[in-house]
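What follows draws every value from the coordinates through simple rules; no lab data is involved. Keep in mind it's a predicted model, so treat the numbers as computed, not measured. Using ideal geometry, Cβ is built from the backbone for each residue, glycine included, and neighbour counts are taken over all protein chains shown.
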Amino acid sequence: MSIELEFCDICNESVPAPDLIAGRAQRRGGRLICATCERAMGVQISTPSSPPVAAAGPTAVETPSETPVTTAAPAVTTVTPARSGGAGWLALIALVMAVALGVSLSSRLDLLEGESGKGFKAVQRDLQNGSQDQREALERLDKVLNAQLDGLVAQLQAQRELDQAALLQLTEQISVLRERAAGIAATLDGFRAQFIQLSAEQGAQQAREGTALAALGERMRAQEDQLIAVEGTLRALSLAPIPVVGGSPGRSTAPVWAEVLGDLSSDNPGLRLDAVYTLGSSQDATVIPYLIPMVKDSDVFVRMAACRTLSDLDARIAVPDLIEALNDPATVVREAAVVALRRITKRGMRFDPLGSPADRSQRVAKWLDWWQKEGQVFLGES
């Protein structure tokens, strides 16, 4: 529960409501006086005792300005003058003292009111001086703020001018870039048209090249057929009896195929090819060492004929050279070499003459691995 506070009109100290209720603080003439100021002023409020009354007889009534008056009682008695005069003087003295105290209290209250008024005026003067100081401080602050605001406005104006100049410059640059972009777009359109034209020309060229390659393939197949036919003819001719040159009847002579050994080193690939077929048609195993080097001849037809001839002679010692021929750049030579290897070794290891280089390398590696592990055993079986 909150306690209501009031303030003394003399010392401005707080006066709780309980002090007013208990009589420790007083209200005098509309002014609130606290208990401390009450004690300081020496105010003593007391009630005088009533004058003595006779046991029987008239009753005495005292007034401040008159002597006591007696009234008759049913039983008539007399009041002695001496006692009646002493009570009056006491009442008079008490009245004088009360008036004196009232005057003293009134003067002291006037003094306190004057001092309090002076204090209030001093406080009001201080407040006025403080208000003046505050007004001056506010004026100075207003001047400072106005100066700062003017500076800020000037900076903003300068920045705005700079921004406008930069914006104008940026607009000009954008215009230049747009012109450049238009030129680049036109150039790209030209490139695009050229690219389309080149693509069309390239497509036509590829079509022509495809047609040429197809025709070339047909010619190669025709030549291969012709080669097979020539090979058959040569093989048939090689089987015909050849008369022995020189010598006499009844005397041993050199084999017929010995006469063509010199053609193996001829510059004419046709003579080398005839010599390979002649040696192969002899069916003599002693010609194998002369045929093995021909697997690496510079002419593709000689290399192919050498592989086939070694296959016909079942030349086991030629297996390493035939494995190496699997890497030959010509497809027909690779095909003749793998056919010869399968026929001689009786191994069905896969090898595609038309396969990719990586695949062919893996297959050749397997052939080489087999030869390194089982080559000597294979040669011993012959």
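Straightening the chain between Arg350 and Arg180 buys 54.8 nm, computed as 0.36 nm per residue apart minus the Cα-Cα spacing.
The alpha carbon gyration tensor of segment 256-380 gives principal lengths a ≥ b ≥ c with a/c of 1.5 or higher and a/b no greater than b/c, which makes the shape oblate. Report the local net charge at Pro357: Lys and Arg +1, Asp and Glu -1, summed over other residues whose C-beta lies under 15 Å from its C-beta. Every neighbour counted, the sum reads 0.
Fewest-first ordering of Met97, Met41, Met294 by other beta carbons within 10 Å of each residue's beta carbon gives Met97, Met41, Met294.
With a simple spin-label model that places each label point 7 Å from the Cα along the Cα-to-Cβ direction, the separation between Leu95 and Asp126 comes to 4.8 nm. Calculate the FRET efficiency for Gln134 and Phe7 from the Cβ-Cβ distance with a Förster distance of 25 Å, rounded to the nearest 0.05. Efficiency for this residue pair is about 0.45. For segment 335-381, state which GluC sites (Glu not before Pro) are in a DSSP loop and have at most 13 other beta carbons lying within 10 Å of their beta carbon. Passing both the DSSP loop test and the Cβ count: Glu381.
Using the 10 angstrom Cβ neighbour count as an exposure proxy, how do Arg316, Arg308, Arg334 rank, fewest first? Intermediate results must be reported in sequence, preceding the final value.
Values: Arg316 16, Arg308 20, Arg334 24.
Lowest to highest Cβ neighbour count: Arg316, Arg308, Arg334.
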